[in-house]
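The values are calculated or read from the model by the stated rules, or taken from the named source; none is laboratory data. This is a predicted model, so every value here is computed, not measured. Cβ atoms come from the backbone with ideal geometry, glycine included; neighbour counts cover every protein chain shown.
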Amino acid sequence: MALNLAAEESERLAQRHIGTEHLLLGMLRVEGSLTAKLLRKRGLNPEAIREQLAKAPGSVRLRALAEPSRGAIDTLESFLSGLKWLNAEELLSFFAKNAVLIDAAGKGWNHEEICKGFETLFVPYAKKNASYVVEATLAETNELFVATVLWKNALLASEQRAWMLRMSVVLLTGADDWRR
């Protein structure tokens, strides 16, 4: 759903590519989704994003007046590098109780399902030759951090070939840190 909406946003802005900025707009447009609710509650407005894109295509980076703590970036790096070791006990704490994860096939997973199917979900990222790069930071405030991550050589067991996978990560501050 979000991918289709991202394509619509790209067309609306008369842009030939679908970039991370369009994905953000697509996520904001998914009616009733937890992601859209949280992002809007934290001040992200699709109309303002579109306006920024129209003025300077391809250069959207949303910021509040205050810079985020280094903790958001450190938390993201900790999570991504932790995927390489596929340690469910350590990584499950990164998922809030109301977390929703959309896998590469478009299937939604709630917190309980993430816990039960952790290895199935994240095994492609634990391969020795899998590597990642934080491709873009879409939003960063004191409460919110949204980034896209490109994984290379993540092997899908069902396909037995290397893939490039794109992951969108939304971090929200919790009571004590960025992990919740």
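Report yes if residue 81 is among the small types (Gly, Ala, Ser), in the same structural domain as residue 144 (by TED's automatic domain parsing), part of a helix (DSSP H, G or I) and in contact (Cβ under 8 Å) with a residue 12 or more places away in the chain, otherwise no. No; evaluated as a whole, the condition is false for this residue. Condition (residue is at pLDDT 85 or above and either crowded, with 16+ Cβ neighbours inside 10 Å or within 26 Å of residue 32 (Cα to Cα) (or both)) applied to segment 133-141: is it met by at least one residue? Scanning segment 133-141 turns up no residue that is at pLDDT 85 or above and either crowded, with 16+ Cβ neighbours inside 10 Å or within 26 Å of residue 32 (Cα to Cα) (or both). Within segment 109-132, the set of residues being over 13 Å from residue 77 (Cα atoms), touching a residue at least 40 places away in the same chain (Cβ under 8 Å) and buried (at least 18 other Cβ atoms within 10 Å of the Cβ) comprises 124, 125, 130.
Residue by residue, here is whether (1) under 15 Å from the mean Cα position of the chain (by Cα); (2) modelled with pLDDT under 80 holds:
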| site | (1), (2) |
| --- | --- |
| 5 | no, no |
| 19 | yes, yes |
| 28 | yes, no |
| 42 | no, yes |
| 56 | no, yes |
| 75 | yes, no |
| 93 | no, no |
| 99 | yes, no |
